[in-house]
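Only one structure is covered here, and it is reproduced in the block below.
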Amino acid sequence: MAHHGLRFGIFLAPFHRVGDNPTLALRRDIEMIEWLDHLGYDEAWIGEHHSAGWEIIAAPELMIAAAAERTKHIMLGTGVTSLPYHHPLLVAQRFVQLDHMTRGRAMLGCGPGALTSDAYMLGIDPTTQRRRMDESLDAIMALLACEAPVTVKTDWFELREARLHLRPYTDPHFQIAVASTLTPAAPVVAGKHGLGMLSLGAGLPGGPEAMAGQWRIAEESAAKHGKVMNRRDWRLVVNVHVAEEDELALRQVKIGERLETAGYFEDALGRPPGRSEDPLREGVASGSTLVGSPDLVARGIERLIRLSDGGFGGLMFRAHDWASREETWRSYELFARYVMPRFQRQLDMQTGSYEWAKANRKTVFSPNVEALRKAYVDAGKPVPAEFTERASGARDLDMPPKA
């Protein structure tokens, strides 16, 4: 990573309303990742879903492969691969291949599966999903160690002397993160293997305040298993939209957010636990949704850092279609220009140089005024009043006179 400080990116579920041309929506997602790469964003995490009409990407690995060929720098992860839906050997093999194809830009995000309708169609009992994720991740980590062949038998998959076809491109393996909402299950699993964490719960009511406790659970789990958690591998996922002014930002997202909340989270999903009836208003008030000017959004990030009780490594925007394409892309640009540098130590040297010049303009830069006055005298030309007055200290002009 070239810069210092926080990493920024998106968590692209995606959320495309029913009625929007899905072919165009998928292409727009790829184009948006290209735009983020151009703007210097660090990561894009792409979701896996199989039902309910809105989150239309079924194979995030295909999106990663396509995006990788059109981008140069941005890291590309699954947000997330639902481990209970796949045989762990195939998950490991696919990501090792992506690791090679992207020259180390692929990341594996893990979760139990968010939509019970997906599990229903696959004949999976939802109460077994977290256990299955844990069992699958155990097997994947054993395979990625590239040591002894792995033999495991559970009630839903079997490995017989299994080994990877290829060693990962990244040493020792690509980045892996576990998705977490507000339950202790994900932090326990992340800690067990010393992996990263994607805190989706940070964007839910009460989520920002619960984050520090979630991280402590992960650290306790890691200590039990002889692992260490690294805050650099902890990413928060929140709703963000930036415009030049606070009220303009709210106006831009109001209709689209209501369509998503009413049409998807209420009508299709029956408002899942932890989601409020008016997430935009409540989220902005509680700081789990950052909609406003660059200054307001920056203050919101500073608050999240304080609440994390020690900091985190990355902030991911939950990608949405709340605003128009143009307003959404403008939001990413405004954030990259006026918010991102504040948290990546890109401004300290520049600001320091500016403040030094301002503080020393009378002493360091005054000889320049005398040099300009002398140039007129030496040429036998009349000296403009600006130089004689300024040189005598009668006036202090910040800019040289216009020619």
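Working only within the stretch 223-232, note down all residues that are free of Cβ contacts under 8 Å to residues at least 24 places away in the same chain and under 21 Å from the mean Cα position of the chain (by Cα).
Selection gives nothing.
Suppose we keep only residues that are among the β-branched types (Val, Ile, Thr) and outside any strand (DSSP E or B) within the stretch 145-173. Which one would you say is nearest to Leu90 (Cα to Cα)?
Looking at residues that are among the β-branched types (Val, Ile, Thr) and outside any strand (DSSP E or B), I get Thr154.
Among the residues of the stretch 82-106, write down those that are out of contact with any helix residue (DSSP H, G or I) (no Cβ under 8 Å at 6 or more places or on another chain) and either surrounded by fewer than 21 Cβ atoms within 10 Å (Cβ to Cβ) or not in a helix (DSSP H, G or I) (or both).
His87, Leu90, Gln93, Gln97, His100, Arg103, Gly104
Going by what's in this entry, would Gly79 be described as under 17 Å from Gly9 (Cβ atoms), of a type outside the set (S, T, N, Q) and surrounded by fewer than 19 Cβ atoms within 10 Å (Cβ to Cβ)?
no
With buried (at least 17 other Cβ atoms within 10 Å of the Cβ), part of a strand (DSSP E or B) and not hydrophobic (A, V, I, L, M, F, W, C) as the only criterion, which of Gly109, Gly113 stands out?
Gly109
Of the residues Ser286, Ser221, which is modelled with pLDDT under 95 and either of a type in the set (Ser, Thr, Tyr) or on the phi > 0 side of the Ramachandran plot (or both)?
Criteria check complete, one pass: Ser286.
Pick out the one residue from Leu204, Leu198, Leu143 that is in contact with a Lys or Arg (Cβ under 6 Å, 6 or more places away or on another chain), assigned by TED's automatic domain parsing to the domain that holds Asp309 and either crowded, with 17+ Cβ neighbours inside 10 Å or without any contact (Cβ under 8 Å) to a residue 40 or more places away in the chain (or both).
On inspection, the qualifying residue turns out to be Leu198.
Report, ordered by the first and then the second residue, all pairs with beta carbons closer than 6 Å, sequence separation of six or more or different chains, a first member in the stretch 61-79 that is in contact (Cβ under 8 Å) with a residue 60 or more places away in the chain and farther than 12 Å from Arg103 by Cβ, and a second member that is charged (D, E, K, R) and surrounded by fewer than 24 Cβ atoms within 10 Å (Cβ to Cβ).
Ile74/Asp37
Being surrounded by fewer than 20 Cβ atoms within 10 Å (Cβ to Cβ), within 18 Å of Asp42 (Cβ to Cβ) and either under 14 Å from the mean Cα position of the chain (by Cα) or without any contact (Cβ under 8 Å) to a residue 60 or more places away in the chain (or both) is the filter here; which residues of the stretch 319-337 pass it?
Scanning the stretch 319-337 gives Ala336, Arg337.
Please verify whether Ile57 is in a helix (DSSP H, G or I), in the same structural domain as Asp20 (by TED's automatic domain parsing) and in contact (Cβ under 8 Å) with a residue 12 or more places away in the chain, treating the condition exactly as stated.
no
Give me the pairs: first residue in the stretch 342-367 and assigned by TED's automatic domain parsing to the domain that holds Gly313, second residue of a type in the set (Asp, Glu), beta-carbon distance under 7 Å, and six or more apart or on different chains, which are they?
none
Could you check Gly274 against (1) within 22 Å of the chain's Cα centre (by Cα); (2) at pLDDT 95 or above and say which number it fails?
Unmet condition: (2).
So, in the stretch 171-192, of the ones that are at pLDDT 95 or above and surrounded by fewer than 18 Cβ atoms within 10 Å (Cβ to Cβ), which residue ends up farthest from Arg130 (Cα to Cα)?
Looking at residues that are at pLDDT 95 or above and surrounded by fewer than 18 Cβ atoms within 10 Å (Cβ to Cβ), I get Asp171.
Residues Glu220, Glu247, Glu209: which one is part of a helix (DSSP H, G or I), surrounded by fewer than 17 Cβ atoms within 10 Å (Cβ to Cβ) and under 20 Å from the mean Cα position of the chain (by Cα)?
Of the residues listed, the single one that is part of a helix (DSSP H, G or I), surrounded by fewer than 17 Cβ atoms within 10 Å (Cβ to Cβ) and under 20 Å from the mean Cα position of the chain (by Cα) is Glu209.
Got a sec? Which helices (runs of 4 or more DSSP H) wholly within the stretch 282-384 have at least 1 residues that are in contact with a Gly (Cβ under 9 Å, 6 or more places away or on another chain) and among the basic types (Lys, Arg)?
The helices (runs of 4 or more DSSP H) meeting that bar are 294-307.
The values are calculated or read from the model by the stated rules, or taken from the named source; none is laboratory data. Everything numeric here is computed off the predicted structure, so don't read it as measured data. We place every Cβ from the backbone using ideal geometry, glycine too, and count neighbours over all the protein chains shown.
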